[in-house]
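The numbers here are math on the coordinates, done by the rules we state, and not lab data. Nothing here was measured: the structure is a model prediction, and the numbers come from that model. Quick reminder, even Gly has a Cβ in these numbers, built from the backbone with ideal geometry, and neighbours come from all protein chains shown.
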Amino acid sequence: MHARSALFDVYGDHLRTRGSQAPVAAVVRLLAPVGIAAPAVRTAISRMVMQGWLEPVNLDGGRGYRATERATRRLDEAAERIYRRTRPAWDGHWHFAFVEPPASRSARSRLRADLTYVGYAELADHVWVSPFPRGELASVLERAGAGARTARADRVDPPPTEAWDLLALRSAYDEWLASADALVAEQLAGHDDADEAAFAARFHLVHEWRKFLFADPGLPEELLPEDWPGRAATELFTREATRLKPGSDRFVSTCLDA
């Protein structure tokens, strides 16, 4: 687990309802049970400040860092998708973005990652498709210095679901279903304090589940097979995350109050 991604998990899953801020010492305490050492935490914080995700702030508990407005938007979007609180109804239309890519190779690479993250897939060179309009498209293009023309189609034959690797996604969900219980049990058994154990177990659970943000576009139910394992995987994640939350919350409060 990388310190940077662990920090996103902390700010998104634990600090968002606590002002999106915390003293450095509290963040170090929070990440210790998941194996992130203090020097790695401080290095990752410095990099996230330079990248515009965190900003320094003076707190009662000492010098700390707060999520920026840009980070808060991204964390809220991620939380909505992680916990799958809403499943929008599909109106049968497909949304296309004909992208004019930026000149820089690094910017093109970042653009591809961001378009995938918000739910698009590349159907053909520079032609990206999504079953839903994505409100983040404009900001993604602007950050990359790219442009795009968009179109909406009510009939695409055959449906462009082949733009996503659904076989690989199915395998990933099957693997999740086979390993999630063991992941939680290992963390619960590896800590003497019950609240710390619940925090570590839930942290690892959410961290692994978060990877589906980059793989699952959230296709409409009408386009998925009846035996789609993502449904059972979502039920398992929701059940375990809910069960572990009270103890996890107590551990977070202890670290922040220390």
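Just wondering, is there one or more residues in segment 64-77 that are among the polar types (S, T, N, Q), buried (at least 17 other Cβ atoms within 10 Å of the Cβ) and under 24 Å from Leu223 (Cβ atoms)? No - not one qualifying residue is present in segment 64-77.
Among the helices (runs of 4 or more DSSP H) lying completely within segment 45-159, list those that include at least 1 residues that are over 20 Å from the mean Cα position of the chain (by Cα).
Numbers: elements: 69-82, 105-117, 137-144.
Once the helices (runs of 4 or more DSSP H) in segment 45-159 are filtered for at least 1 residues that are over 20 Å from the mean Cα position of the chain (by Cα), what remains is 105-117, 137-144.
Within segment 133-169, which residues are closer than 30 Å to His204 by Cβ and without any contact (Cβ under 8 Å) to a residue 60 or more places away in the chain? If the condition is that a residue be closer than 30 Å to His204 by Cβ and without any contact (Cβ under 8 Å) to a residue 60 or more places away in the chain, then Arg134, Glu136, Val140, Trp164, Asp165, Leu166, Leu167, Ala168 are the ones that fit.
Among the residues of segment 47-60, at least one is of a type in the set (D, E, K, R) and over 24 Å from Ser248 (Cα atoms).
Results for (1) surrounded by 15 or more Cβ atoms within 10 Å (Cβ to Cβ); (2) not aliphatic (A, V, I, L, M), shown as yes or no for each residue.
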residue: Arg210; (1), (2): yes, yes
residue: Arg239; (1), (2): no, yes
residue: Leu244; (1), (2): yes, no
residue: Thr254; (1), (2): yes, yes
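Which of the residues belonging to segment 51-92 are among the acidic types (Asp, Glu) and over 26 Å from Ala258 (Cβ atoms)? If you could, list the steps in order and put the result at the bottom.
So the first thing to find is which residues in segment 51-92 are among the acidic types (Asp, Glu), and the list is 55, 60, 69, 76-77, 80, 91.
Glu69, Asp76, Glu77, Glu80, Asp91, listed by residue number.
Is there a residue in segment 242-253 that is of a type outside the set (Lys, Arg) and farther than 20 Å from Leu15 by Cβ? There is no residue in segment 242-253 that is of a type outside the set (Lys, Arg) and farther than 20 Å from Leu15 by Cβ.
Look at segment 86-109: where a residue is within 24 Å of Pro131 (Cβ to Cβ) and a partner is β-branched (Val, Ile, Thr), sitting 6+ places away or on another chain with Cβ atoms under 6 Å, you get Trp94/Val129; Trp94/Val156; Phe96/Val129; Ala97/Thr150; Phe98/Val127.
Residue-by-condition table, conditions (1) surrounded by fewer than 13 Cβ atoms within 10 Å (Cβ to Cβ); (2) touching a strand residue (DSSP E or B) at 6+ places or on another chain (Cβ under 8 Å); (3) not hydroxyl-bearing (Ser, Thr, Tyr):
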| residue | (1), (2), (3) |
| --- | --- |
| Arg112 | no, yes, yes |
| Glu142 | yes, no, yes |
| Ala146 | no, yes, yes |
| Arg149 | yes, yes, yes |
| Val156 | no, yes, yes |
| Trp164 | no, yes, yes |
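If I ask for residues that are assigned to a loop (DSSP other than H, G, I, E, B) and closer than 20 Å to Arg87 by Cβ, which ones from segment 191-220 would you list?
Selection gives Ala215, Asp216, Pro217, Gly218, Leu219, Pro220.
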